[in-house]
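Reviewing the structure listed below.
Nothing in this text is a laboratory measurement; each read-out follows from the coordinates by a stated rule. All values derive from a computational prediction rather than experimental measurement. Backbone-built Cβ (ideal geometry, glycine too); neighbour counts: all protein chains shown.
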Amino acid sequence: MYTKQKYPKSMIFYHSLLAVLMIATLVLGWVMDRENGLMFFHKSVGVLVLVFGVLRIINRMRNMSNIPPSVNHGTLHLVEKSVHGILMLMMLVLPIVGWLVSNAKGYPVSVFGLFDLPNLMGKNEALSETLGEMHEVGANVFFFLLIFHVVGAVYHKLKTKEDVISRILPW
């Protein structure tokens, strides 16, 4: 049964914030190179994704009873839960793997020049290549799931007339 019940304000806040941060990190990852200085911002925003991702998951667990019911059933419900779960996982895995890539290349992860994160490992060029590939594949998976997530919301709005988008938007 469809409900117009909105998500709790804290969940809307974290959803909106993480959407902006993750898309910014993705775009920075696409356009950065060694010379343009964007790696610094990519890493810093990635740290914010990790921190706010953890906070979002904690907030979600605390608000489970306040989440509007799903409009999907059967296979679509399984797809919805899978996509949401993998997107949540990406909020944690991509920044951690990126952190490991930097450490394996022998570089620190600076957070906007204010402080450096501790090194999780020593320099290891061979491992940095493997981790870098994992990070890139993960970013591509995230991009695909993001598109799938948005298409699903638009499908509900246009095809089934279930305005699930308005339940999570901050306005």
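Tabulated data for the structure shown
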read-out: Segment Ala19-Asn66, extension gain: residue separation times 0.36 nm, minus the distance between their alpha carbons; value: 14.8 nm
read-out: Ordering of 70-76, 93-99, 83-89, 50-56 by packing [mean C-beta count within 10 Å, highest first]; value: 93-99, 50-56, 83-89, 70-76
read-out: Total lysine pairs whose alpha carbons fall under 24 Å of each other in region 65-171 (8 or more apart, or interchain); value: 4
read-out: Calculated from backbone phi, Karplus (6.51, -1.76, 1.60) coupling profile of region 46-59 in Hz, x at Gly/Pro; value: x, 5, 4, 4, 4, 5, 6, x, 4, 4, 5, 5, 4, 4
read-out: Asn59-Lys6 pseudo-label distance in nm [points 7 Å out on the Cα-to-Cβ vector]; value: 1.4
read-out: Size of electric dipole in the chain: Cβ of Lys, Arg +1 and of Asp, Glu -1, about Cα centre, debye, nearest 20; value: 880
read-out: Rounded to 10°, Cα long-axis angle of helix 9-31 versus longest principal axis of the chain; value: 40
read-out: Sequence ranges 37-48, 115-126, 138-149, ranked by mean other-Cβ count within 10 angstrom, highest first; value: 37-48, 138-149, 115-126
read-out: Vicinal HN-Hα couplings computed from phi for region 101-117 (Karplus, 6.51 cos²θ - 1.76 cosθ + 1.60; Hz; Gly/Pro x); value: 4, 4, 4, 5, 7, x, 10, x, 9, 8, 9, 6, x, 7, 6, 9, 6
read-out: Gyration tensor (alpha-carbon) shape descriptor, region 1-67, a/c threshold 1.5; value: prolate
read-out: Val27 versus Asn140: modelled label distance in nm, points set 7 Å from Cα along the beta carbon direction; value: 2.3
read-out: Positive-pole candidate from Tyr7, Tyr107, Val49, dipole of the chain, charges at beta carbon; value: Tyr7
read-out: The chain, relative contact order [Cα under 8 Å, separation at least 6], %; value: 29
read-out: Cα gyration tensor category, rounded, prolate or oblate, for the chain with a/c compared to 1.5; value: prolate
read-out: Whole-Hz couplings from phi, Karplus 6.51/-1.76/1.60, listed for region 73-79; x for Gly and Pro; value: 9, x, 4, 5, 5, 5, 5
read-out: Shape category assigned to region 50-116 from the gyration tensor of Cα positions, a/c cut at 1.5; value: oblate
read-out: Descending principal axes extents, region 94-162, alpha-carbon based, whole Å; value: 53, 29, 13
read-out: Estimated distance in nm for a label pair at Lys105 and Ser166, the labels positioned 7 Å out from Cα along Cα-to-Cβ; value: 4.6
